1. Could you tell me whether Ala75 is over 15 Å from Glu34 (Cα atoms) and in contact (Cβ under 8 Å) with a residue 60 or more places away in the chain?
2. With the structure loaded, tell me whether Val186 is modelled with pLDDT under 90 and touching a helix residue (DSSP H, G or I) at 6+ places or on another chain (Cβ under 8 Å) or whether it fails that test.
3. Which numbered condition trips up Asp159, out of (1) more than 29 Å from Val33 (Cβ to Cβ); (2) assigned to a helix (DSSP H, G or I); (3) modelled with pLDDT of 75 or more?
4. Can we say Gly72 is in contact with a Phe, Trp or Tyr (Cβ under 7 Å, 6 or more places away or on another chain) and more than 14 Å from Thr206 (Cβ to Cβ)?
5. For the range 25-34, give me each residue that is open to solvent by less than 20 Å² (accessible area, probe 1.4 Å) and not β-branched (Val, Ile, Thr).
6. When you check Leu148 against the structure, is it at pLDDT below 90 and open to solvent by less than 50 Å² (accessible area, probe 1.4 Å), yes or no?
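The values are calculated or read from the model by the stated rules, or taken from the named source; none is laboratory data. None of the values given here were measured: they were computed from a predicted structure. Every residue, glycine as well, gets a Cβ built from its backbone with ideal geometry; the counts of neighbours run over all protein chains shown. Accessible surface is based on the protein model in full, side chains and every heavy atom, while ligands, DNA and RNA are left aside. Shrake-Rupley method; radii C 1.70, N 1.55, O 1.52, S 1.80 Å.
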Amino acid sequence: MSAEQPVRLHCFAHSAEGISVFDKWAASTGPGVEPVPVLLPGCAQRRTEPRVTTHEALLADVLPQLTDSFSGPYALYGHGLGAMMALAVARALHEAGLPGPAFLAVGGWSPSPLPAGLPAAHRATDAELLHELSDRGAVPLGSDEGILLQAMLPVLRADLELAQDLHEAVDRPSPAGPLTTPVLVVASQDNPLAAHSTAEGWHRRTEGPVWSRTVPGRHFFVRGGRQLPRLLGRACRVARRIVPEPAPVG
């Protein structure tokens with residue numbers, strides 16, 4: 001890798017609608033790091049495309065977006081549901097024999113099954129779904145309930161469908177064997193969807209090292225402050241020093 005080529009940090013948001021949380025990250029990750037938000041169908045200039053709600057559809061859309069990263073070290077970060085997207089992508093690269101990320105960073109999500117009490121998307125009424133997600137901190141504080149019911153609930157239902165399918169997919173043993181990818185788990189101080197003990201669950205997802213760091217905030221700590229992008233930027237620069245070539249498959 002040339003000295004000028006940055007480490008690409010592919011960022012998966014908590015929802016297709018949430019990609020804007022990464023808009024200002026380039027100013028905070030620091031030199032030598034390029035945040036690359038992963039744009040999914042249903043958002044921004046892809047707003048007219050059907051949302052992905054299955055593991056298979058996600059991989060078919062995302063994997064071609066990563067091909068330019070295989071010339072040097074790169075990393076994946078996923079927040080909330082995006083953490084499971086990033087894990088699914090890392091496993092798919094592993095199974096395809098393609099260079100994996102130097103590390104996988106995850107924030108605000110437990111790799112165990114969906115939290116008990118979250119109603120299935122196809123069974124819950126609008127009121128039940130919004131109430132459950134609001135209580136768990138998965139809907140931003142101060143949101144207007146009427147607007148959410150009309151505009152956001154279809155998005156939330158699609159996200160829950162995708163979450164369920166991703167959890168089922170990554171729970172199946174990989175034919176290529178377990179990951180050895182290092183995992184950086186970022187927890188927040190007051191997150192009802194992912195406790196500080198979340199890192200223990202990620203140990204079961206990889207045979208590589210697992211590190212844990214804590215930042216201020218609740219579930220949406222990805223939205224504010226520079227602490228998270230700075231943390232990930234430092235991790236990327238370390239990866240560039242110790243992984244000068246494409247990361248080994250695993």
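1. Judged against the criteria, Ala75 is not a match.
2. yes
3. The number of the failed condition is (1).
4. Judged against the criteria, Gly72 is not a match.
5. Within the range 25-34, Trp25, Ser28 qualify.
6. Criteria met by Leu148.
Yes/no per residue for (1) surrounded by fewer than 23 Cβ atoms within 10 Å (Cβ to Cβ); (2) at pLDDT below 90; (3) under 21 Å from Val170 (Cβ atoms):
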residue: Ser20; (1), (2), (3): yes, yes, no
residue: Asp23; (1), (2), (3): yes, yes, no
residue: Gln45; (1), (2), (3): yes, yes, no
residue: Leu63; (1), (2), (3): yes, no, yes
residue: Ser71; (1), (2), (3): yes, yes, no
residue: Ala86; (1), (2), (3): no, no, yes
residue: Ala96; (1), (2), (3): yes, no, yes
residue: Pro101; (1), (2), (3): no, no, yes
